[in-house]
Amino acid sequence: MGTLIKYELRKILGNRAGMVTCLIALALISGMAFMNIATMGTRDVATGEWVEGFAAQDSYRHLEESHAGLLDDARVAEDAATLDRANELVKETPDFYDLPSSEILSRYGLEFWQQTMVVISDNYYPEIVGSLDSTDPRATSLKEGSLARVDATLSDGFDHYFTYSDAEMSYWHGKFDQIRWPAEYGYAGAWKNALDWASFLALAIVALCIALSGVFAGEYQNRIAAVALPTRRGKRSLPAAKVIAALVFATVYWWLCAGAVVGIDVAVCGADGWDLPVQVVFGFDNPYPLTAGQALLAVYGLGYLVALGMAGLTLLLSSKMRSTMPVAVIPMAVVFLGMFALFITPLAKIGSLTPMVGLSNAFARMVSYAAGPVVVDLPTALTMLYACLLVVCVPLAMRVFTRHQVA
Amino acid sequence: MELTLDRLTKQFGARIAVDRVSATLVPGVTGLLGANGAGKTTLMRMVCDVLRPSSGQVLLDGRDALSMGDGYRALLGCLPQDFGYYPDFSALDFMRYMATLKGFSSRDGRARSMQLLEEVGLADDARRKVKTFSGGMKQRLGIAQAMLNEPAILVLDEPTAGLDPKERVRFRNLIAGFARDKVVILSTHIVSDVEFVANRILVMRGGGFIMDGTPEQVVARAAGKVWECHVEARRAEEMSARMSVTNVRYAADGNAVVRVVADDPPMEGAQAVEPTLEDLYLLAFRDADTR
């Protein structure tokens, strides 16, 4: 069996179109992950100067680190008071938002600049006071403010695409209740970037589907099936070896791409913040009781399952079709058409189940599916869907190949 | 060992490709002779278990061969018509891959592959990629892979396509030596392929067997229907256009000797001659509709 698997892997690696696509996708994913950091720009909080690239990343890091610590009520109250002082000064200047930063610096000084930049840029203040000129009643604690924002999202619906049922609201409140307070704040740049860019790994899924399109169809297309099937191991070990080789390839390629994204982010931003709450990454209106590290493992693990599910679908299509072209096109359509589904209200939830949108929204937004009192969130729905695809499609693909009629 | 085809039928939509054919095949070479579209390839595919019959059975020593699964396929060696290959595999890679599929260990597979590549004259090209091979070389590779497992049942569908005369002779000798205790089914529309090696000939037309017997028995069916006519050269062309002419030979005196297959003497003075398998083929397919 081992020898057969090696041969099947060799055939997959020998598919030039597939390998070129995989290499291009890997280069794109790595390049985009790198450029995400390299093209970053921000005002340096220490000097007020505009900085770009790694310097901007450093500046952002210092900004976040300056706020690191436990966000208990006393700390939040102190920070809110600082913001209030800055806010008063801003109110005295009606055209404040139109002023260039150099004018703000010269008029109010560096200390004001730092206070303003820190409190505006930071993540948790919206939960307490909304925006600078907000007149909303102020929350007395971060937990209370965060819950208010969760409720606001649940009332507004998923970007107004759909409404949450009572069961779903209860579900999300239950999740929120599991978050530990007071929350720890700090810098988690690498994990934030890696989580933000997880959806681009859908490109890796498309590439691996193209690479796997010929696993069965290639045998029909190259007229090999008529020689390979009527052999002792042609109808039992051969399809199994093909499936194992395909899944091994999918595994290696997925983690290679995922490793590239995470590796670049960690290399540039460092590995700090692994144990910080995921709210530091996604905002304090996120109800998942996870750390940034747990969220990263969950999203990338989920992505791996999605990749395997799509590989299973590709194998089934490959076993059914006699040409590799449509086999490659269909998974590609599934991945990319999901983005367009978001623009069509009734399809928004279905669109979230496609790989790219799914990986973007999983753990980052409150997307849920309810059937009466039963509610599942997006990560659970994705797990169920792609595990089913894998479990159903792979044996079916083997069966179809075994029963292939050479006519 | 007996391989029995029991009312084997294959229907594609409204078209019946193979129509209730029955035969019992024993060790030796059975030549399956027929025009293109006669149903030979469909029959071969059913025997090889890559095409399900619409009805009927293939029986091996009385057991349903297809339900034997791996056990039956382990006894098979198949060379399909127009067989495919992996372009980037070398001949040795391809042979070793097929050896793995046939259950050989890596070491035994390599040894057996090299032995067969030697036998079919490809040992020097063992490491060349198959995509660089000529048609004849690919066909020899196909024959070699079919024989890897020393199959008890060897199914060869148009095996000599692309082979030059010297290679055909080598192939025939290979098959003759191989077939002593094995069932070999050799499907072809090239008469000379089976003429010298087949112990038995099945002539197929319109999806069914129309003749069955030893080469002598089959050829005897054409006895009294093959004629030689001595005519002027220009008359030979005219005869070729309207009769089943198997051969025209021009004599030194400028006249032609025309060999004609016909139920009755085609002209006055025509002489009945001993038929050959080629004559029989022409007799059987002179009005065949080729699909």
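The values are calculated or read from the model by the stated rules, or taken from the named source; none is laboratory data. None of the values given here were measured: they were computed from a predicted structure. Positions of Cβ are backbone-derived with ideal geometry, glycine not excepted, and every protein chain shown enters the neighbour counts. Note: accessible area is taken over every heavy atom of the protein model, side chains too, but ligands, DNA and RNA are not part of it. Shrake-Rupley method; radii C 1.70, N 1.55, O 1.52, S 1.80 Å.
Below is a table of values for the structure above.
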item: Qualifying lysines (Cα of each under 29 Å from Cα of residue B:10; at least 8 residues distant if same chain); result: A:235, A:320, B:40, B:102, B:182
item: Helix A:142-156 axis, angle to chain A major axis (alpha carbon atoms, nearest 10°); result: 60 degrees
item: Residue of A:207, A:74, A:246 that the Gaussian network model of chain A assigns the largest fluctuation, springs spanning Cα pairs under 10 Å; result: A:74
item: Heavy-atom accessible area ranking, 1.4 Å probe, most first, across B:193, B:253; result: B:253, B:193
item: Net charge of neighbours whose Cβ lies under 14 Å from the Cβ of residue B:162, counting Lys and Arg as +1 and Asp and Glu as -1; result: -1
item: Cα-based convex hull, the range A:225-356, per residue volume (Å³, whole number); result: 161 Å³
item: Geometric extent, Cα atoms of chain B - Rg, Dmax (angstrom); result: 21.2, 69
item: Unit charges at the beta carbon, dipole of chain A: most positive-side option, A:348, A:244, A:69; result: A:244
item: With Cα atoms, 0 to 90° folded angle of helix A:2-13 axis to chain A main axis; result: 60 degrees
item: Taking N as its residue count, the alpha carbon Rg of the range B:73-147 over 2.2 N^0.38 Å; result: 0.98
item: Contact order normalised by residue count of chain A, Cα under 8 Å, 6+ apart, percent; result: 21 percent
item: Dimensionless Rg ratio for the range A:327-407, taking C-alpha atoms and the 2.2 N^0.38 Å reference; result: 1.34
item: Candidate residues A:219, B:268: accessible-area rank, largest first, probe 1.4 Å; result: B:268, A:219
item: Karplus 3J(HN,Hα) series, Hz, for the range B:4-17 with 6.51 cos²θ - 1.76 cosθ + 1.60 (x for Gly, Pro); result: 10, 9, 10, 6, 6, 9, 9, 10, 10, x, 8, 8, 9, 7
item: Heavy atoms of residue A:173 accessible to a 1.4 Å probe, total area in Å² rounded to 10; result: 60 Å²
item: Under 19 Å from the Cα of residue B:138 - lysines, other chains or at least 8 residues apart; result: B:129, B:166
item: Straight-distance crosslink candidates among lysines, where the alpha carbon sits under 18 Å from residue B:131 and sequence neighbours closer than 8 are dropped; result: A:11
item: All-pairs Cα distance distribution in the range A:346-391, expressed in whole percent, bin size 10 Å; result: 27, 58, 14
item: Spatial extent of chain A: Rg and Dmax, with the Cα atoms as the point set, Å; result: 25.4, 87
item: Translational D in µm²/s for the range B:129-194 (Stokes-Einstein at 25 °C, 0.890 mPa s, Kirkwood Rh from C-alpha pairs); result: 200 µm²/s
item: Per-selection Rg to Rh, the range B:1-99 - Cα, Kirkwood hydrodynamic radius; result: 1.01
item: Inter-chain shielding of A:231-241 (mean C-beta neighbours from other protein chains, 10 Å cut-off); result: 6
item: Listing of the range B:4-47 residues, each with accessible area lower by at least 50 Å² in the full protein assembly than in the chain alone (probe 1.4 Å); result: B:45
item: Percent of Cα pairs exceeding the 26 Å cut-off, where the set is the range B:145-291; result: 37 percent
item: Per-residue ³J(HN,Hα) for the range A:325-340, Karplus 6.51 cos²θ - 1.76 cosθ + 1.60, θ = phi - 60°, Hz, x for Gly and Pro; result: 4, x, 4, 6, 6, 5, x, 4, 5, 4, 5, 8, 5, x, 5, 6
item: 5 angstrom amide H check on residue B:256, placed H, neighbours 5+ away; result: B:231, B:232, B:233, B:251
item: Shielding by partners - mean other protein chain Cβ count within 10 Å, residues of B:89-95; result: 1
item: Peptide-level mean, for B:66-78, of C-beta atoms on other protein chains within 10 Å; result: 3
item: Residue among A:96, A:34, A:176 with the largest mean-square fluctuation in a Gaussian network model of chain A, springs linking Cα atoms under 10 Å; result: A:96
item: Residues with amide H under 5 Å from that of residue B:212, placed H, sequence gap 5 or more; result: B:203
item: Formal net charge of residues neighbouring residue A:270 (Cβ-Cβ distance under 15 Å; K, R +1; D, E -1); result: -4
item: Nearest 10 degrees, 0 to 90: helix A:53-66 Cα axis against chain A principal axis; result: 60 degrees
item: Dipole moment magnitude, nearest 20 debye, the protein assembly as shown about Cα centre, only Lys, Arg, Asp, Glu C-beta charged; result: 4120 debye
item: Solvent-accessible surface ranking, highest first, for A:162, A:284 at 1.4 angstrom; result: A:162, A:284
item: The range A:181-190 - phi-based ³J(HN,Hα) in whole Hz, Karplus 6.51/-1.76/1.60, Gly and Pro as x; result: 10, x, 7, 8, 10, x, 9, 9, x, 5
item: Bins of 10 Å from zero: percent of alpha-carbon pairs in the range A:45-96; result: 20, 32, 39, 9
item: Ellipsoid equivalent to the protein assembly as shown - semi-axes via the Cα gyration tensor, in Å; result: 78, 24, 22
item: Using distinct alpha-carbon pairs, which all enter the 1/r mean, Kirkwood radius of the range B:211-273 in Å; result: 12.3 Å
